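Report on the following structure.
Here, each number is a calculation from the coordinates, and none is a lab measurement. These numbers come from a predicted model, not from an experiment. Please note: Cβ atoms are built from the backbone with ideal geometry, for glycine as well, and neighbour counts cover all protein chains shown.
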Amino acid sequence: MKTVAFNTLGCKLNFSETSTIANLFLDNNYSRVAFNNKADIYIINTCSVTANADRKCRQIIRKAVKNNANAIVVVIGCYAQLKPKEISEIKGVNVVLGANEKFNILKYIKDLDNKQAPKVISCDVNDVDNFFPAFSFGDRTRSFLKVQDGCDYECTYCTIPLARGKSRNDTVENTVNQAKKIAEKEVKEIILTGVNIGDFGQSTGESFTSLVKELDKVEGIERYRISSIEPNLITDEIINIVSSSKRFVPHFHIPLQSGTDTLLAIMKRRYNTELYKNKIETINKLIPEASIGVDVIIGFPGETDEDFNTTYNFLNSLDISYLHVFTYSDRENTLSNNMDNKVNPKVKDERSKMLHILSDKLQRRFYEKNLGQEKEVLFETQKKNGKMFGFTDNYVKVELDFDKNLVNNITKVQLLSINEDGNVNAIIVS
């Protein structure tokens, strides 16, 4: 029996697709092994959001070749779509598959037992129009469900539309059926993933709101989380649904990117700071216990000290829970790549550190608001130093002494204190 190993870089969407591709191999009598082991085939699902992501991809490819010089190495994902020729020139790579071809991977490697020149199989991104359903599995606790792919936005710093094509999705009915399949695997939590999930419905004439309403009816799933959703697409109706739902948890992740309207306009974002602030206030009014995560980019071309301070102060003024901080890097074929007034790397590092410190403060403030409360926690299989971990519905990370009977169970606890690792100590409420 041939063995196959996978390595996934990047977003939750990539993880859902890797799981689906892995299942194709298992259904065809392959045995899956850990990536660090010797395997007959290595499949690397790549990311290309930043220059650092590209470097990481190349390192992983070389690691696969080192593990087994005679293995077939296949590279898929965003980096493979954007720079197939560059990848094919890395020693040891056999096949490079673009966005439309990766789900036909078995066909392309079937005749590659003998070494030959790398095959690059990729179509123009404008021709990428198929939607392939996917969800992650293997972790009984949660599953990433792909509900949407591609993006029609033209943000000046982003390569994702170039890597994944136009916005598209399956029907509400078919997506709900995927959720039912996940429920059969005794998974307690589904995280809805995609490139621009709030744009769901572009290819079927439906809406993200209608999807949320139908998913809320699926029996067997106890929790849904909505992953990153654009501020202009998170409607008051969606917020209202979450506020009254027994399954959709009070946790949002809403990208901001900059706290200045000038930079938001240059980035070609589809909102301003007033709209963003109104969304945060609406969530906090209707769902006071909600956790709200925020993406922010520092060092975008032309970002002055004044711009950064405005962004910092804007973030600090919002009732939010944590930040994901991204340092801007030039990407080929984006408008920002050719912009003047690039920010000095040392300045970017300083700004990044300031926002990471702010994020820690915001998270601690949010955790402190929850201390003393009774919350339901979904505990995971992870074990470290005799401890187990899980998250409340509003995304507070809880730590308890390990008990295998609690794994994949939602357990009511009382939140006691924040420990030195930044997690919350708790006791079980009988």
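Based on Cα contacts under 8 Å between residues 6+ apart, the stretch 376-430 shows a relative contact order of 33 percent. Remark: the stretch 170-178, residue by residue, has Karplus-estimated 3J(HN,Hα) of 7, 6, 4, 4, 5, 5, 4, 5, 4 Hz, where x stands for each Gly or Pro and the curve is 6.51 cos²θ - 1.76 cosθ + 1.60 at θ = phi - 60°. With contacts taken as Cα pairs under 8 Å and at least 6 residues apart, the stretch 142-368 reaches a relative contact order of 17 percent.
Sorting the segments 251-260, 335-344 by their mean number of nearby beta carbons within 10 angstrom, highest to lowest, gives 251-260, 335-344. Measuring from label point to label point, each 7 Å out along Cα→Cβ, what is the N70 to H324 span in nm? Between N70 and H324, the simple spin-label model gives 4.2 nm. The distance from the alpha carbon centre of the stretch 288-306 to that of the stretch 1-54 is 32 Å, rounded to a whole number.
With the contact rule set at Cα under 8 Å and sequence spacing of 6 or more, what percent relative contact order holds for the chain?
Answer for the chain is 10 percent.
Rounded to 0.05, the FRET efficiency of the N104 and K342 pair, given R0 = 51 Å and the Cβ-Cβ distance, is 0.80.
Computed 3J(HN,Hα) for the stretch 8-23, one whole-Hz value per residue from the Karplus formula 6.51 cos²θ - 1.76 cosθ + 1.60 where θ = phi - 60°, is 10, 10, x, 8, 4, 4, 4, 5, 5, 6, 4, 4, 5, 5, 4, 5, glycine and proline marked x.
Please give the calculated 222 nm ellipticity per residue for the chain, where each DSSP H segment of at least 4 residues contributes -39500 (n - 2.57) and the sum is spread over every residue; nearest 500 deg cm²/dmol?
-10000 deg cm²/dmol
Sites counted here are GluC sites (Glu not before Pro) in a DSSP loop (not H, G, I, E or B) having no more than 15 other Cβ atoms within 10 Å; the longest part of the chain that contains none of them is 220-331. Let me make sure I get this right: for the stretch 272-430, a, b and c are the square roots of the gyration tensor eigenvalues over alpha carbons, sorted descending. Under 1.5 in a/c it's rounded, otherwise prolate if a/b > b/c, else oblate. Which is it? Here the stretch 272-430 falls in the prolate category.
Once the gyration tensor of the Cα atoms in the chain is diagonalised, the equivalent ellipsoid follows with semi-axes of 34, 28, 22 Å, ordered largest first. Here the chain carries DSSP beta bridges of which approximately 35% are antiparallel, counting only pairs with both residues inside.
The phi torsions of the stretch 193-204, fed into the Karplus equation with coefficients 6.51, -1.76 and 1.60 and a -60° offset, translate into couplings of 10, x, 7, 9, 5, x, 8, 3, x, 4, 9, 10 Hz, rounded to whole numbers, with Gly and Pro shown as x. Which value in nm describes the separation of the simple spin-label points at E368 and L335, placed 7 Å from the Cα toward the beta carbon? Each label point is offset 7 Å from its Cα along the Cβ direction, giving 4.2 nm. Pairwise inverse Cα distances across the stretch 142-368, averaged and inverted, put the Kirkwood hydrodynamic radius at 18.6 Å.
Amide H neighbours of S31 under 5 Å, at least 5 residues apart or on other chains, H built in the peptide plane: list them. Hits under the 5 Å cutoff: K2, T3, V4. Taking 0.36 nm per residue of sequence separation and removing the Cα-Cα distance, the K285/E219 pair yields an extension gain of 20.9 nm. A cut-off of 5 Å between modelled amide H atoms, ignoring neighbours fewer than 5 places along the same chain, links I191 with S143, F144, L145, R225.
Starting at 0 and stepping by 10 Å, how many percent of the alpha carbon pairs of the stretch 3-123 end up in each bin? The percentages, shortest bin first, are 15, 52, 32, 2. For the stretch 139-259, a/c is not less than 1.5, where a ≥ b ≥ c are the root eigenvalues of the C-alpha gyration tensor, and a/b tops b/c. That puts it in the prolate class. Using the Cβ-Cβ distance between E186 and K397 with R0 set to 22 Å, the FRET efficiency works out to roughly 0.45.
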